[in-house]
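The values are calculated or read from the model by the stated rules, or taken from the named source; none is laboratory data. Not measured: the values here are computed from a predicted model. Backbone-built Cβ (ideal geometry, glycine too); neighbour counts: all protein chains shown. All accessible areas refer to the heavy atoms of the entire protein, side chains included, with ligands and DNA or RNA removed. Shrake-Rupley method; radii C 1.70, N 1.55, O 1.52, S 1.80 Å.
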Amino acid sequence: MRSSNPVFSRRGFSRSGGYAGFGAAPQAGSPAAGQANPYAGGNPYAQTQAPTNPYAAGDQQNLTPEQLQQMYGAPPAGPLQTGRMTMDDVVMRTGMTLGTVIVAAAVAWIAQLPVGVGFGAALVALVLGLVQSFKRTASPALIMGYALFEGLFLGVISQVYNDRWSGIPMQAVLGTMAVFVGVLVAYKTRLIRVNARFQRFVLAAAIGFILLMAVNLLFAAFGGGDGLGFRSGGLGIVFGLVGVVLGAAFLAMDFKQVEDGVRYGAPREESWLAAFGLTLSLVWIYLELLRLISIFRD
């Protein structure tokens, strides 16, 4: 499954056969051996309504974990025995990547690194993120390297904003935490439903948003000022709010990917991709809030 985050278009959880079910083959005479779905009779939508397991192979793709347990006649193996991803894995990896971002940002802030160093770190983080996004498997070294250099950039850019608008980085941090908690609650209570239509709409909006920001940056670079004015005044507020909403939508899609990965038994290594995606989304939200609050402060 491809990434839902257009910043680096990272690869999502990869399909991996053999994580859908474990144990002996179906026994002769068992409910799963040679029998059709007893609940599908007369219902042309029975197959399309069943959840699909992206980590199963062949005929096992449309079976739920409960059906797989019945099929193999034994309780499914636990995550430790099968190497499957758990929520604890995701929390631990995400804590490591975000912790690295925070520590690196604090070091850059305390050391008062020059702006040039900060933007150089941003370029390195971009390259590492792109390399990871095109790899078929997660690379902890690349992800942690991205977190390190992204943290250095955030520390430098936060210092620049703080020198002009005192206290604004802390406001942006608190705002990012509020958005994270709000999206998590909305997702768990199903106020936000991440489906194919939701993902298509968010990706289309994100592509348009990034293109507009790129055009604005070009006009600012060659024409001076704020380019087309998308980062100041009334337009700046509108586009800042749109950026925060898009970041919240990225978070919701990240939560969906994590939920699917744990439910369908993704390999444990995929937890690094989940941590990478969550870090990208949180960095996106923080930077958008930093710019948005600065406009309000003006």
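Descriptive notes on the structure:
- One residue stands out among those in region 248-270 that are basic (Lys, Arg) and farther than 17 Å from Ala138 by Cβ: the one that is surrounded by the fewest Cβ atoms within 10 Å (Cβ to Cβ), which is Arg263.
- Being exposed (fewer than 14 other Cβ atoms within 10 Å of the Cβ), modelled with pLDDT of 90 or more and of a type outside the set (A, V, I, L, M, F, W, C) is not true of Gly233.
- Among the residues of region 161-200, those identified as of a type in the set (Ser, Thr, Tyr) and open to solvent by less than 70 Å² (accessible area, probe 1.4 Å) are Tyr161, Thr176, Tyr187.
- Of the residues making up region 117-147, those that are open to solvent by less than 50 Å² (accessible area, probe 1.4 Å) and outside any helix (DSSP H, G or I) are Ala138, Ser139.
- Scoring Ala206 on the criteria (1) of a type outside the set (Lys, Arg); (2) within 20 Å of Ala121 (Cβ to Cβ); (3) buried (at least 19 other Cβ atoms within 10 Å of the Cβ) leaves a single failure, condition (2).
- In the condition set (1) modelled with pLDDT under 95; (2) closer than 29 Å to Met92 by Cα, Ile285 is compliant with all but (1).
- Qualifying residue in region 282-297 (condition: in a helix (DSSP H, G or I) and among the hydroxyl-bearing types (Ser, Thr, Tyr)): yes
- Yes/no for Leu273 being open to solvent by 30 Å² or more (accessible area, probe 1.4 Å) and either part of a helix (DSSP H, G or I) or touching a residue at least 40 places away in the same chain (Cβ under 8 Å) (or both): no
- Residue in region 238-247 that is at pLDDT below 95, open to solvent by 10 Å² or more (accessible area, probe 1.4 Å), farther than 26 Å from Thr189 by Cα and not β-branched (Val, Ile, Thr) present: yes
- Pair list, Cβ < 8 Å and 6+ apart or interchain, from region 211-240 residues that are acidic (Asp, Glu) to residues that are modelled with pLDDT of 70 or more and surrounded by 15 or more Cβ atoms within 10 Å (Cβ to Cβ): Asp226/Asn216; Asp226/Ala220; Asp226/Ser232; Asp226/Gly236
- Residues satisfying the criterion are present in region 263-274 (criterion: on the phi > 0 side of the Ramachandran plot and modelled with pLDDT under 95).
- Single residue of region 77-101 satisfying the filter (in a helix (DSSP H, G or I), surrounded by 15 or more Cβ atoms within 10 Å (Cβ to Cβ) and over 16 Å from the mean Cα position of the chain (by Cα)) that is modelled with the lowest pLDDT: Pro79
- Residue match in region 148-160 (condition: of a type in the set (D, E, K, R), under 22 Å from Val258 (Cβ atoms) and open to solvent by less than 40 Å² (accessible area, probe 1.4 Å)): yes
- Scanning region 120-142 turns up one or more residues that are more than 21 Å from the chain's Cα centre (by Cα), on the phi < 0 side of the Ramachandran plot and modelled with pLDDT of 95 or more.
- Test: residue in region 114-124 that is touching a residue at least 24 places away in the same chain (Cβ under 8 Å) and within 23 Å of Phe180 (Cβ to Cβ): yes
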